[in-house]
Amino acid sequence: MYRIKTMNKISSAGLAHLDKSRFLVGEDVTNEDGILVRSAPMHDYVFPSELRCIARAGAGTNNIPIDRCSENGIVVFNTPGAN
């Protein structure tokens, strides 16, 4: 099962696409494999060793430390026009 941490309020319409038998999703998820974020600042966020990707709900990635993610092999992507 993949563990997905949400930061900020993520639309329930979007979260409905994640199969509950394969994804544990929520704000209180720890040791996350992925993060869904909108505008929460992440520059001081401590990445767990399991973290594989960060998805930004919206355009831009200025709230995500891209250099540190690259150094740790964490894929970062955004969704311009989807918010």
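The values are calculated or read from the model by the stated rules, or taken from the named source; none is laboratory data. Computed from a predicted model, the values in this text were never measured in an experiment. Cβ coordinates were reconstructed from backbone atoms using ideal geometry, including for glycine residues, and neighbour counts include every protein chain displayed. Heavy atoms of the whole protein, side chains included, go into the accessibility calculation; ligands, DNA and RNA do not. Shrake-Rupley method; radii C 1.70, N 1.55, O 1.52, S 1.80 Å.
What the phi angles of the range 28-39 give under the Karplus curve with 6.51, -1.76 and 1.60, with θ = phi - 60°, is a coupling list of 9, 5, 10, 6, 6, 7, x, 10, 10, 9, 9, 10 Hz, glycine and proline written as x. For the chain, the list of trypsin sites (Lys or Arg not before Pro) that fall in a loop by DSSP and count at most 12 other C-beta atoms within 10 angstrom reads 9, 20, 22. Once the Cα-Cα distance is subtracted from the 0.36 nm per residue extended length, the residue 82 to residue 30 segment shows a gain of 16.1 nm. Solvent-accessible area per residue in the range 17-69 equals 60 Å², computed with a 1.4 angstrom probe and all protein chains kept. Surface composition of the chain: carbon plus sulfur atoms hold 51% of the accessible area, using a 1.4 angstrom probe and ignoring ligands, DNA and RNA. A straight chain from residue 43 to residue 59 at 0.36 nm per residue would run longer than the Cα-Cα distance by 4.0 nm.
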